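Single-structure report; data block below.
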Amino acid sequence: MTDSFLYTTPLDPRAAPLIEALTWEYTTRYGDYFGEPGEEMRRYPAELFAPPNGNFLLLLRHGVAVAGGAFKRYDERTAELKRVCTHIDLRRQGLARKVLAQLELQAARQGYVRLYLTTGFRQPEAAILYLNNGYTALFDTTVESEGTPPCIGRFGSCHS
C-alpha cells in the first residue's frame, strides 16, 4: 500500500468523493435533523480550514482519498477538529487514528495547545475513537443521548 498525507483544501477535487460520502452518511444517519440534507456539510466555509487558523488533511492511497479530517480555530489556543472520516469500505484499519494523529501534530505546529471537538449522537464509533485516543468526554457518557441536542459529544485534549 502506498499511503501519503496531503494538506490541501476541502475544494480539492480529490476530496470530493470523500466529502460526498460523508454527506450521504450524515443524511442516512440524521435525515433532516439538521435541516435539509447536506446542510451540515455546508455549514463551514472552506476558508476556515486553511492556514494560519486551520488545515484540511487527506490520507491518500495510490492517489485516492481514503480518509481525511480538518481543524479550524476555536479560540486563540484551541483548535476544533472537524470531519474526521474514513471511506466506508476501509474502516476498522486504523486510518482515522492516523488522520487524528497527523491533525494533532499539525495543530501543534500551528501553535494550538488544546483540541476540542463535537461528535453527533448517532456516531458512537466516533466517540469511541476519541475516547480510545486520550480525549476526555466533557459530557456524561452513561446518559442516553438520542433525546438531547446534536453534537453532544464534547472532548478536550492537550497536545502541546
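Each value in this text was obtained by applying a stated rule to the coordinates, not by laboratory testing. Here the structure is a predicted model, which is why all the values come from computation and not from measurement. Here Cβ is always computed from backbone atoms with ideal geometry, including for glycine, and neighbour counts include all displayed protein chains.
Give the residue list of GluC sites (Glu not before Pro) in region 27-119 that are DSSP loop and have at most 15 other beta-carbon atoms within 10 angstrom. Spell out each step's value before the answer.
Details: sites: GLU39, GLU40, GLU47, GLU76, GLU80, GLU104; in loops: GLU39, GLU76.
Taking region 27-119 and a limit of 15 other Cβ atoms within 10 Å, the loop GluC sites (Glu not before Pro) found are GLU39, GLU76.
For region 1-95, a Kirkwood hydrodynamic radius built from all Cα pairs, placed in the Stokes-Einstein relation at 10 °C and 1.306 mPa s, yields a translational diffusion coefficient of 114 µm²/s. Multiplying the residue separation of SER4 and ARG97 by 0.36 nm and removing their Cα-Cα distance gives an extension gain of 32.1 nm.
Per-residue Karplus couplings for region 7-14, computed as 6.51 cos²θ - 1.76 cosθ + 1.60 with θ equal to phi - 60°, are listed in order as 8, 8, 9, x, 7, 4, x, 5 Hz, Gly and Pro entered as x. Provide the net charge surrounding LEU90, with neighbours chosen by a C-beta distance below 11 Å and charges set as Lys +1, Arg +1, Asp -1, Glu -1. Within the 11 Å Cβ shell, the charges total +1. Residues in region 62-68 carry Karplus couplings, in order, of 6, x, 10, 5, 10, 7, x Hz; the curve used is 6.51 cos²θ - 1.76 cosθ + 1.60 with θ = phi - 60°, and Gly or Pro positions show x. Applying both filters, DSSP loop and at most 12 other Cβ atoms within 10 Å, to the trypsin sites (Lys or Arg not before Pro) of region 22-61 gives ARG43.
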